[in-house]
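Below is one structure, written out as structure tokens; comments come after it.
The values are calculated or read from the model by the stated rules, or taken from the named source; none is laboratory data. Not measured: the values here are computed from a predicted model. As a convention, Cβ positions derive from the backbone with ideal geometry for all residues, glycine included, and neighbour counts pool all protein chains shown.
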Amino acid sequence: MQEINKEKKPLIVAFCCNWCSYAGADLAGSSRLSYPADVKIIRVPCSCRVNPMFILKAFQRGADGVIICGCHPGDCHYTTGNYYARRRMSLLFSMLDYLGIERERTRVEWVSAAEGAKFSKVMNEFASKINELGENKRLEDLRCKN
Amino acid sequence: MQKIGVFVCWCGSNIAATVDVKKVAEVLKAEPGVVISENYQYMCSENGQALIRNAIKEHGLTGVVVCSCSPRMHEATFRKTCESAGLNPYMVEIANIREQCSWIHKDIEEATEKAIILGRSAIAKLKLNAPLTSGESAVVKRALVIGGGIAGIQSALDIAEAGFEVDIVEQSPTIGGNMAKLDKTFPTLDCAACILTPKMVDCAQNEKIDIMTFSEIESVKGFVGNFKVQIRRKARFVDEKKCTGCGECMQKCPSKKGLNDFNMGLNTRPAIYIPFAQAIPNVAIIDPEQCLKIKNGKCGLCAMKCNVNAIDYTQKDEIIEREYGAIVVATGYKPISLENFNEYGYSSYKDVVTSLELERLMNAAGPSDGHLVRPSDHKEPKVITFIQCVGSRDTSGCGKPYCSKICCMYTAKHAMLIREKYPDTEVHVFYIDVRTPGKNYDEFFRRAVEQYGVDYIKGMVGKVYEENGKLMVQGSDLINNEQVVIPSDLVVLAAAIEPNPSVRNIATMVTASIDTNNFLTEAHAKLRPVESPTAGIFLSGVCQGPKDIPETVSQASACAAKVIGLLAKDKLKCNACVSHSDEMLCTGCSVCANVCPYGAITYVDKEFRLGGGKTEVRRVATVNDAVCQGCGACTVACPSGAMDLKGFSNKQIMAEVDAICKR
């Protein structure tokens with residue numbers, strides 16, 4: 001298992017809302033709280049901007065895990081965006097589960113702009129879980145050849 | 001054909017120490033569409049920006065990617081740079097290779113590889129960027145200050161001084177806040193009332209300032225420059241305009257057993273009362289829980305006594321709506337509840353008091369007219385023991401992890417004042433550390449020890465118990481390495497301070513971010529300390545973090561300067577990254593309007609040509625650019641894919657996903 005992981009590093013796509021989680025990631029950075037380089041962040045204005053298509057696309061393209069981070073419930077910069085995200089994602093995740101993508105490969109987390117430590121902790125935990133699960137092969141057939 | 005310029009910043013050694021910046025620039029140069037790729041020590045410097053400007057002109061760049069720090073830091077800088085060279089400011093993308101790469105990774109190879117991927121992702125997105133222009137919206141030239149303590153008062157006075165109208169909304173019946181309750185203030189020992197009440201009067205007399213006490217924020221809508229706020233003016237059962245504050249009603253009121261909040265519940269007040277002599281507004285208020293007339297319809301003495309007919313037992317809450325350009329949050333603090341600290345006996349013994357209660361016991365307008373006596377038997381205490389850090393710097397979960405900052409100084413002040421006024425009194429202070437940074441602060445503390453002979457004991461207190469009528473304070477003395485028990489007459493707890501509980505609700509209403517301790521988060525910890533990340537929301541005083549009075553006043557004035565800067569503008573540039581609807585795809589289903597938190601989407605009937613001279617009228621969505629804040633909720637909700645967000649379009653984000661997943 002370890003051998004395989006060394007050869008091919010896991011790939012994690014993190015969608016972070018601009019106001020809370022992206023700022024939380026910045027704080028993790030300025031506080032030098034490390035997490036694996038496997039995590040690549042995409043900035044979106046709000047967690048509600050994350051279209052389920054983006055997540056499907058990521059898995060199709062070979063992502064091993066996708067995490068969506070937003071403001072805590074009640075703290076959304078746009079008042080209600082994270083509630084939409086939460087509902088959409090819970091539907092999407094059960095569909096992905098049905099398609100054979102393990103539940104642990106997808107995650108929604110609330111990280112505020114002041115929670116650099118939480119951001120780092122969440123990413124470390126998520127990355128180690130993805131590492132354990134290994135490569136995402138379920139959508140392999142659908143994967144576009146790069 | 002696109003011509004993209006890539007600019008990789010070293011940020012001194014911040015990026016260059018862990019990311020091979022030259023390699024990043026070299027690899028990205030090979031990306032299709034990239035015509036120039038440079039690296040430089042500080043891209044944000046004047047020289048770095050000149051490098052970008054020159055490249056735009058020289059190569060006729062159509063877009064710029066800067067691989068540097070977070071876009072939250074310098075996106076605005078680089079947009080301006082490009083704009084000054086004639087490039088649309090939205091043709092810039094930032095790859096965050098500092099906060100999200102060099103600062104968190106140690107392995108150079110790994111970090112360089114990630115930086116390249118982040119750069120590629122930014123290039124992929126940029127290729128789909130379109131030049132954007134932002135609309136303008138008018139600024140309502142009036143500010144709202146939430147909270148009427150010293151922070152709110154100072155902010156309001158400064159804003160009014162610049163000629164703008166300000167409303168202060170305060171939840172209690174008078175402005176003045178915690179400072180009005182204090183006796184003296186460190187390090188100069190001026191009397192708090194003597195320096196605060198003139199400012200309160202200034203507020204009341206300033207024609208630009210409208211004070212709404214006993215009022216709460218009901219809802220906040222809108223955005224920077226154009227907030228619509230509903231304010232609940234709670235029923236005080238006294239007509240504010242008629243009441244002269246003569247106090248006749250207070251004398252006659254037969255229901256005198258209400259706890260006096262202003263004196264921290266140390267004595268009682270009548271059902272109709274004026275909080276304190278210098279209250280602003282100097283208007284009575286009835287506590288409906290306690291008023292015999294309101295409770296069971298019998299009494300009405302105050303109405304009979306009132307010469308100006310100001311009493312109105314049937315008064316109801318009133319909700320008013322006003323518009324503001326800027327909102328200042330100045331909600332302040334309260335001492336924490338001590339229910340988790342039974343070891344200090346606060347709830348068991350009357351003579352264990354908090355420092356704020358001691359302020360009232362020492363204040364000439366307090367329950368004992370400034371004569372320091374024990375609450376239990378009204379006798380003068382001969383031995384007083386102070387316990388510091390009660391709930392501060394507490395990582396056990398019972399208290400607060402932070403330092404409350406003001407306690408060391410006010411404890412020194414209390415100790416000094418007591419030794420000055422009652423030289424026979426023995427004063428002991430248990431402390432963990434004494435923290436006195438600040439102008440003349442350490443000198444002040446040393447005076448307490450050296451000149452006034454206050455006994456400072458380094459160590460924590462284990463428990464307080466009663467024995468033979470004395471309060472036994474048992475603690476450790478770390479310097480002499482022994483256990484000590486001090487029989488005391490009065491024990492004073494320096495309780496930690498926490499943000500006023502109302503701030504939670506207010507933060508939600510104004511969409512300001514809040515940290516795990518319920519302090520409001522500033523836009524930048526060092527460079528934008530008085531602004532919330534939400535445009536148009538400003539932070540004044542302890543709601544942002546523990547502060548003493550001088551710091552609070554400085555911050556309140558800084559906050560006012562920011563508000564004035566905003567209100568001085570006639571127009572504000574709106575957010576350019578707004579939603580837009582593709583009319584050819586829109587079916588007019590209304591789903592987008594239902595999820596829009598701003599009501600920015602409306603529907604219009606539009607005529608479409610079908611060919612062959614035929615036309616069709618369809619209902620389609622249209623977005624009001626000045627109102628849309630660009631969250632993107634509608635883009636995902638839209639079932640026909642007609643809605644998209646400029647600057648964060650479906651295609652752009654898909655391109656980023658693609659670039660990141662390519663390997």
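Select from the range B:469-513 the residues that are under 19 Å from B:Ser347 (Cα atoms) and either within 14 Å of chain A (Cβ to nearest Cβ) or in a loop (DSSP other than H, G, I, E, B) (or both) and list them in ascending order.
Those that are under 19 Å from B:Ser347 (Cα atoms) and either within 14 Å of chain A (Cβ to nearest Cβ) or in a loop (DSSP other than H, G, I, E, B) (or both): B:Gly469, B:Asp489, B:Ala496.
Of the residues A:Cys69, A:Cys16, which single one is closer than 21 Å to B:Glu75 by Cα, touching a helix residue (DSSP H, G or I) at 6+ places or on another chain (Cβ under 7 Å) and assigned to a strand (DSSP E or B)?
Result of the check over A:Cys69, A:Cys16: A:Cys16.
Of all residues in the range B:550-559 being among the small types (Gly, Ala, Ser) and in contact (Cβ under 8 Å) with a residue 60 or more places away in the chain, which is surrounded by the fewest Cβ atoms within 10 Å (Cβ to Cβ)?
Step by step, filter the range B:550-559, then rank; the result is B:Ser557.
If you check B:Gly147 against the conditions, is it more than 29 Å from the chain's Cα centre (by Cα) and of a type in the set (Gly, Ala, Ser)?
Criteria not met by B:Gly147.
Restricting to the range A:12-33, give me the number of residues that are of a type in the set (Ser, Thr, Tyr) and more than 8 Å from chain B (Cβ to nearest Cβ).
2
Filter the strands (runs of 3 or more DSSP E) completely within the range B:193-268 down to those with at least 1 residues that are of a type in the set (Ser, Thr, Tyr) and in the same structural domain as B:Asp625 (by TED's automatic domain parsing).
Where strands (runs of 3 or more DSSP E) fall fully within the range B:193-268, none carries at least 1 residues being of a type in the set (Ser, Thr, Tyr) and in the same structural domain as B:Asp625 (by TED's automatic domain parsing).
Return the residue satisfying two criteria in turn: it lies in the range B:60-117 and is among the β-branched types (Val, Ile, Thr) and within 21 Å of B:Pro533 (Cα to Cα), and of such residues it is farthest from the other protein chains (Cβ to nearest Cβ).
It comes out as B:Thr77.
Identify, please: which residue in the range B:1-60 is of a type in the set (Asp, Glu) and in a loop (DSSP other than H, G, I, E, B) and is, among those, nearest to B:Cys101 (Cα to Cα)?
B:Asp20
Please indicate, with yes or no, whether at least one residue in the range B:425-432 is in contact (Cβ under 8 Å) with a residue 12 or more places away in the chain and part of a loop (DSSP other than H, G, I, E, B).
Taking every residue of the range B:425-432 in turn, at least one turns out to be in contact (Cβ under 8 Å) with a residue 12 or more places away in the chain and part of a loop (DSSP other than H, G, I, E, B).
With the requirement that a residue be more than 12 Å from every other protein chain (Cβ to nearest Cβ), assigned to a loop (DSSP other than H, G, I, E, B) and at negative phi, what does the range A:72-101 give you?
Answer for the range A:72-101, where residues must be more than 12 Å from every other protein chain (Cβ to nearest Cβ), assigned to a loop (DSSP other than H, G, I, E, B) and at negative phi: just A:Ile101.
Here are the criteria: (1) surrounded by 19 or more Cβ atoms within 10 Å (Cβ to Cβ); (2) under 16 Å from B:Thr385 (Cβ atoms); (3) among the hydrophobic types (A, V, I, L, M, F, W, C). Tell me which single one B:Ile432 does not satisfy.
All conditions pass for B:Ile432, except number (1).
Can you tell me which residue is farthest from the other protein chains (Cβ to nearest Cβ) among those in the range A:102-142 that are of a type in the set (A, V, I, L, M, F, W, C) and over 14 Å from the mean Cα position of the chain (by Cα)?
Here the residue is A:Leu133.
With the requirement that a residue be among the hydroxyl-bearing types (Ser, Thr, Tyr) and more than 9 Å from chain B (Cβ to nearest Cβ), what does the range A:34-59 give you?
A:Ser47
Between residues in the range B:604-621 that are without any contact (Cβ under 8 Å) to a residue 60 or more places away in the chain and residues that are assigned to a strand (DSSP E or B) and of a type in the set (S, T, N, Q), which pairs lie under 7 Å by C-beta distance while being six or more apart or on different chains?
Once the first residue is without any contact (Cβ under 8 Å) to a residue 60 or more places away in the chain and sits in the range B:604-621, its partners that are assigned to a strand (DSSP E or B) and of a type in the set (S, T, N, Q) give B:Val604/B:Thr622; B:Glu607/B:Thr615; B:Phe608/B:Thr615; B:Arg609/B:Thr615; B:Val620/B:Ser581; B:Ala621/B:Ser581.
Residues are listed down the side, and each one gets a yes or a no for (1) under 30 Å from B:Glu522 (Cβ atoms); (2) surrounded by fewer than 18 Cβ atoms within 10 Å (Cβ to Cβ); (3) out of contact with any His (no Cβ under 6 Å at 6 or more places or on another chain):
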residue	(1), (2), (3)
A:Tyr83	yes, yes, yes
A:Arg88	no, no, yes
A:Met95	no, yes, yes
A:Arg105	no, no, yes
A:Glu109	yes, no, yes
A:Ala113	yes, no, yes
A:Asn124	yes, yes, yes
A:Gly134	no, yes, yes
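Quick one: how many residues across the range B:291-313 are among the polar types (S, T, N, Q) and either at pLDDT 95 or above or in contact with a helix residue (DSSP H, G or I) (Cβ under 8 Å, 6 or more places away or on another chain) (or both)?
Number satisfying all stated conditions: 2.
Residue-wise test of (1) touching a Lys or Arg at 6+ places or on another chain (Cβ under 9 Å); (2) in the same structural domain as B:Asp489 (by TED's automatic domain parsing); (3) in contact (Cβ under 8 Å) with a residue 12 or more places away in the chain.
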residue: B:Arg322; (1), (2), (3): yes, no, yes
residue: B:Asp351; (1), (2), (3): yes, yes, yes
residue: B:Pro367; (1), (2), (3): yes, yes, yes
residue: B:Lys382; (1), (2), (3): no, yes, yes
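Which members of the range B:90-112 meet the condition of being surrounded by 20 or more Cβ atoms within 10 Å (Cβ to Cβ) and without any contact (Cβ under 8 Å) to a residue 40 or more places away in the chain?
Selection gives B:Val92, B:Glu93, B:Ile94, B:Ala95, B:Asn96, B:Glu99, B:Gln100, B:Ile104.
Does any residue of the range B:458-467 turn out to be crowded, with 16+ Cβ neighbours inside 10 Å and in a helix (DSSP H, G or I)?
There is no residue in the range B:458-467 that is crowded, with 16+ Cβ neighbours inside 10 Å and in a helix (DSSP H, G or I).
Just one of B:Ala122, B:Ala143, B:Ala151 is closer than 30 Å to B:Ser554 by Cα and part of a helix (DSSP H, G or I); which is it?
The conditions single out B:Ala151.
If you check B:Ala180 against the conditions, is it buried (at least 19 other Cβ atoms within 10 Å of the Cβ), farther than 30 Å from B:Ala25 by Cα and small (Gly, Ala, Ser)?
Against the criterion (buried (at least 19 other Cβ atoms within 10 Å of the Cβ), farther than 30 Å from B:Ala25 by Cα and small (Gly, Ala, Ser)), B:Ala180 qualifies.
Among the residues of the range B:482-500, write down those that are within 24 Å of the chain's Cα centre (by Cα) and more than 14 Å from B:Val427 (Cβ to Cβ).
Of everything in the range B:482-500, those that are within 24 Å of the chain's Cα centre (by Cα) and more than 14 Å from B:Val427 (Cβ to Cβ) turn out to be B:Ala495, B:Ala496, B:Ile497, B:Glu498, B:Pro499, B:Asn500.
Which of the residues that make up the range B:314-337 are assigned to a strand (DSSP E or B), in contact with a helix residue (DSSP H, G or I) (Cβ under 9 Å, 6 or more places away or on another chain) and of a type outside the set (Phe, Trp, Tyr)?
Correct list: B:Ala326, B:Ile327, B:Val328, B:Val329, B:Lys334, B:Pro335.
Can you report the number of residues in the range A:37-66 which are part of a helix (DSSP H, G or I) and either acidic (Asp, Glu) or out of contact with any Leu (no Cβ under 9 Å at 6 or more places or on another chain) (or both)?
The total comes to 5.
Go through (1) within 14 Å of chain A (Cβ to nearest Cβ); (2) out of contact with any Gly (no Cβ under 6 Å at 6 or more places or on another chain) for B:Glu551 and report which single condition fails.
Every listed condition holds for B:Glu551 apart from (1).
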